[in-house]
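Here's the structure we're looking at; comments come further down.
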Amino acid sequence: MTTPIIDLRGISKSYAGIRALEGVDFAAQRGSVHAILGENGAGKSTLIKIISGVVQPDAGEMRLKGQPVRFSTPSAATAQGVVCMFQELSLIPDLSVADNISIAAPPRRFGLIDRKAQLSRAAELLARVRCEDVDPRTLVRDLSLSRRQMVEIAKALGRGPQVLILDEATSALTAQDVQTVYDLLGKLTGEGVTTLFISHRMHEVEALCDRLSVFRNGRHIETFAKGERTDAEIVRLMIGRDVTAKYPPKPAPVVRPPVLKAEGLEWESALKGVSLSLGKGEILGVGGLDGQGQKELLLALFGVLKGVRGKVELGGRGLPSSPVDAKTGQPRVALIPEDRKTEGLMLPMSIADNLVTAAFDRITRSGVINPARLDAAVQDGIARLQIKVGSVTDAVRTLSGGNQQKVVIAKWLMTEPDIILMNDPTRGIDVGTKQEIFRMMRDLADGGKSILFYSSDYAELIGCADRVIVLYDGRVVRELEGSTITEEAIVGASLNIGTAA
Amino acid sequence: MGRLIAQNRGFAGALLLFAALFLTYNLLHPRGFSSAVFVQNANESVAIAFVAMAQTVPVLMRGLDLSVGAVMTLSACVASYLLTGSALEISFGIVAVLATGTAFGLMNGLIVVYGRLQPIIATLATGAIAIGLALLLRPQPGGDVDGDLGWALTNTVWDFADTYGIADGGEAWWIRPFADIPVPLILLVGVAALVWLPFKRTVTGRTIYAIGSAEGAAYVSGLPINRAKLAAFTLAGFFSACAGLYLALQTSTGNADTVQAGAYTLNSIAAVVLGGTALAGGIGGAIASVIGALILRLISFYFRILDIEPLLQPLIEGLVLLLAVSAGAWRTFSVKNRLELFR
C-alpha cells in the first residue's frame, strides 16, 4: 500500500464541552474519490474543517504525503494543496467573479492586481467548469445560487488542488452542472488529485466515489470500497447509536381534527410544494437532513417570509402575515427559533425581561407594565418549566444552555399558543433538560396544543412524534405514522433512497 | 458601461446629483464658472474631502472611525510648528505631519486588531486623545506657516508657478491650459490617484472590501484580515493628516478646535453615505466619498447666493441627506426573509 496523501491519526475535537470528533483515524489515497457519509452531527463538517485548517484539532496528528502537518489557517492548507469548497459559500458577494476566483493570490503587475490577467484567468477557469455564460465581471451577488456554486468550484480549481474537498458541492446545481462536475472529477482523478466528497445524495456517491467512509457520533465507523455494502447496510452503519434520552409514552393514535392545513407551499428555492396537516393535540415531527427546507417551512408558517405561495388553512384565516399576526391571531402560533442566542433571547437582558417579551399584553394595563402582573407572570413561567435561576434580575446570558432554552420556551408558552412550531429545540442542551422538554411537549399536546417539531436528531422524532414527515429538497418525500416511524425509514427517506420501511 | 453603472448605482447617483448641483450653482452665481469662484470652492472643500476619504476606508469594512476629525486637527497643530524655514525644513515638516496622522491611524488599527475593541468606541477614545494632544500643542490658536507655500497651494496653478518662478512665472505655453485649475483640486486628485487607486488594487485593499462584504468568507478564503484592518485605519490616519496639512496651509495657523474636529468627523460620515458607500461595508470607495463631500459643501455654498435664511442651513442639509440616503434603501424591499433585515 502506498503512503496515503491524507492520513489522520487519533484526531479529537470538542466545541464548548460537546464532543464533535473523538479519536478519528482516517486516510485517503492519491487519485481516489472518497465519500464521507454520516447523519447530522456525525462529525463530517468538523473533519473537513480540520483537514482544511479552519479549526484546529484538540489532539491527534495529521500527515500530508507522509509528512506531519498542522494548518493554523485555511491559507496554510491551501498553500499545501489542500483546497476546500465550503457548504456555506466562501465567495464575497460584493466582489466580481474574477476577483473572487483569484481572491487571495491574484496575478500581479508592478505589485498591483493585474485585472486583465485576472479576467482571462477567470474566463479560462470558468471554461473548465463549462460556465462560459458567466461573465467574470459580474458581481457574485447578482448570480443565482447554482452559478455561485460553479464559481466556487472554479475558484477551488484555480488553487491547484492536490486534495479537493467538496462539501455538499452539488446541492444547488442543475442536472447539467452535476454532469460537468462528474466529468471534471474524473479528469482530476486521472491527474492524481484526491477528492473528499461529502454529499447526502446517495446516487451521486454511487456514481462518483470509489471508497466510502461512514461517520457516526464523532467516530469513524468504517471505510470500504464501493459496492462492498448495500444501501441498507450503509444506512445501518450510519445509525446504530446508543439511546441517550427516555421519552414519555405516546397516546394511542386517534383521529384528530386538523388545526393547520398547508398545501403546496412554495418559497424561493427552499420550499417546492410542501403539504402537511397538523391535528389538534398532535406532535408532528419534521425530519430530513439539514437544509432541506425545514427551517423555511417553520419561518413561513410564522409569517417571517415574504412571497410564500400555496394554500394554508389556519383557523378561519390563511398564512400569518407577520410574527405579530401569528401570535395574536386565532389560533395563536408560537415559534421556538433555531438560534436561541440571536432569535430567541436578548442575552444581556434579565431573565424576567426575556420571559415576558412575547406577552406584554398580559402584564400591561393601558400600555404601562404592571409590576404585580409582571412578577406573577415571571414566577408562573419559571414554575411551569422549572427553570433553575438564582435571581430573575440576572442576565439571561448567565444561565446554562438548557435553562436558556427553557426561558425561550416559557416565553412563548406565556402567549398561550395553540400551535407551537419548534425548530430543533434540543440542540446543544443536556440530556436531563431534553427529557424535561419532551415531557412538557407531550403534556402540552395532551392539553390540546399542536406541535410542529423539527429536529436534526432522528431519535427524538421517533421518541416524540405521533407522525413524521421527511423533507428532501423542499418537498415532503415520506410520511410515517405509528410503528412505521423507524430510524431506517427516516434515514432512508432523508437520503431519498428506497430503503424498505 | 451599463454594467459599470449598475454595479455602482450609489456612486452614479451621487455623480449625477453633484453635476446638477454644480451646474445650477454656477449658473445662479453672478461670477459663475470663473476661476475665482472655483478656487474658493475648492479651498473650502478639500479638507472635508480628505476626511471623507479617511472615513471611507474603515466604513468599507463595516467600522467607523470617530477620530478622523481629531487626527486632522492634531496634524494641523503639528503643521503650524513645522511648515516654516528653508525648503528642506518645510519638506521635512510635511513628511512629519503626514507621519503623525499615519502613526495615529496605525495606533487605532493596533488597538482594534490586537485590543479587540469595537472600532467606534476605540476611536472615540483615541479621538479625544488626539484633541488633547492638539490642545497641549496649541492652547491658543497660532503658529507660523510659510506664507509662500500657503499662497501657492491654495490658489491656481498660475499663482503656484508665479510664486516660485517656474515655467516662466506661469506664462510658459505648456502650462497655459492648466493655469486656471485650483492647486487644492490637483492635490486632492493626486493623493486619490497615487494612494487610493493603487491601494484598491492590492490584495490588502481587496481584503477590506471582502471583510465588509462577508468576513467569514474572507477568512476561509485565506485573506490577510488583520493586515487589512491595520491598513484601513493607518490609511484613515494618513488621509486625515492630509486634511490637517491642508487646513494649516489654508489658515496659516494651528487651532485645536474641538467643535470643528467633531463637525468634520460627523460630516465625513454624511459624505461617505452621500457618495454611495454602504455603512454595512463592502460597497463604495474613497472617490465616491470625495463626491459626497463636494455635494455636502455645495449645498452650503447655495446659502451664499440664494436669499435663504442662513439659520435654515442645518435643516436643509439634513433633508437633502435624508433624501439621498432613502434612495439607497429601496433594496430592502426585495428581501424575502424578513429575518435577514436584522442581520
May I ask you to verify whether A:Pro258 is more than 14 Å from every other protein chain (Cβ to nearest Cβ), surrounded by fewer than 17 Cβ atoms within 10 Å (Cβ to Cβ) and touching a Ser or Thr at 6+ places or on another chain (Cβ under 6 Å)?
yes
Across segment B:213-245, what is the number of residues that are under 12 Å from A:Ala104 (Cβ atoms) and either away from every other protein chain (no Cβ under 14 Å) or not in a helix (DSSP H, G or I) (or both)?
4
Is it fair to say B:Met61 is in contact with a Leu (Cβ under 7 Å, 6 or more places away or on another chain), buried (at least 23 other Cβ atoms within 10 Å of the Cβ) and not charged (D, E, K, R)?
no
Out of the residues in segment B:179-211 that are surrounded by 18 or more Cβ atoms within 10 Å (Cβ to Cβ), more than 24 Å from A:Lys49 (Cβ to Cβ) and among the small types (Gly, Ala, Ser), which is nearest to the other protein chains (Cβ to nearest Cβ)?
B:Gly205
On the given criteria, is A:Asp177 within 26 Å of the chain's Cα centre (by Cα) and within 14 Å of chain B (Cβ to nearest Cβ)?
no
When restricted to A:Gly218, A:Gly273, the only residue in contact (Cβ under 8 Å) with a residue 60 or more places away in the chain, small (Gly, Ala, Ser) and under 30 Å from A:Ile429 (Cα atoms) is A:Gly218
Here are the criteria: (1) closer than 25 Å to B:Gly143 by Cβ; (2) part of a helix (DSSP H, G or I). Tell me which single one B:Gly85 does not satisfy.
(2)
On the basis of being within 14 Å of another protein chain (Cβ to nearest Cβ) and either closer than 17 Å to B:Gly69 by Cα or in a helix (DSSP H, G or I) (or both), does B:Phe333 make the cut?
yes
Name the helices (runs of 4 or more DSSP H) wholly inside segment A:350-459 in which the number of residues that are within 24 Å of A:Ala300 (Cβ to Cβ) and aromatic (Phe, Trp, Tyr) is 1 or more.
A:401-413
Give segment B:165-177 a look and list any residue that's of a type in the set (A, V, I, L, M, F, W, C) and surrounded by fewer than 15 Cβ atoms within 10 Å (Cβ to Cβ), or say none.
B:Ile166, B:Ala172, B:Trp173, B:Trp174
If you check A:Phe224 against the conditions, is it in the same structural domain as A:Ala35 (by TED's automatic domain parsing), outside any helix (DSSP H, G or I) and more than 21 Å from the chain's Cα centre (by Cα)?
yes
Checking the condition in contact with a helix residue (DSSP H, G or I) (Cβ under 8 Å, 6 or more places away or on another chain), at pLDDT below 90 and either surrounded by fewer than 17 Cβ atoms within 10 Å (Cβ to Cβ) or more than 14 Å from chain A (Cβ to nearest Cβ) (or both), which residue from B:Gly32, B:Gly10 passes?
B:Gly32
Within the bounds of segment B:254-276, is there any residue that is outside any helix (DSSP H, G or I) and hydroxyl-bearing (Ser, Thr, Tyr)?
no
Qualifying positions in segment A:301-333 - more than 14 Å from chain B (Cβ to nearest Cβ) and of a type in the set (S, T, N, Q)
A:Thr328, A:Gln330
When (1) acidic (Asp, Glu); (2) away from every other protein chain (no Cβ under 13 Å); (3) over 29 Å from A:Asn496 (Cα atoms) are applied to A:Asp290, the one that fails is (3)
Kindly indicate whether any position in segment A:59-78 is over 26 Å from A:Gly190 (Cα atoms), within 19 Å of the chain's Cα centre (by Cα) and either among the hydroxyl-bearing types (Ser, Thr, Tyr) or assigned by TED's automatic domain parsing to the domain that holds A:Ser456 (or both).
no
Tell me which of these A:Arg397 doesn't satisfy, since it passes every other one: (1) at pLDDT 90 or above; (2) under 15 Å from A:Leu347 (Cβ atoms).
(1)
Identify the single condition in (1) in contact with a Lys or Arg (Cβ under 7 Å, 6 or more places away or on another chain); (2) crowded, with 17+ Cβ neighbours inside 10 Å; (3) within 26 Å of A:Leu212 (Cα to Cα) that A:Val163 does not satisfy, given that it satisfies every other one.
(1)
Scan (1) closer than 30 Å to A:Ser14 by Cα; (2) surrounded by fewer than 22 Cβ atoms within 10 Å (Cβ to Cβ) for the single condition A:Pro249 breaks and write down its number.
(1)
Quick test for you: out of B:Thr277, B:Thr258, pick the one residue that is within 14 Å of another protein chain (Cβ to nearest Cβ) and on the phi < 0 side of the Ramachandran plot.
B:Thr277
Determine if segment A:109-122 includes at least one residue that is within 22 Å of A:Thr174 (Cα to Cα), within 11 Å of another protein chain (Cβ to nearest Cβ) and either outside any strand (DSSP E or B) or among the aromatic types (Phe, Trp, Tyr) (or both).
no
Filter pass, B:Asn43 being within 14 Å of chain A (Cβ to nearest Cβ) and within 23 Å of the chain's Cα centre (by Cα)
no
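The values are calculated or read from the model by the stated rules, or taken from the named source; none is laboratory data. Predicted model only: the values in this text are computed from it and were never measured. Positions of Cβ are backbone-derived with ideal geometry, glycine not excepted, and every protein chain shown enters the neighbour counts.
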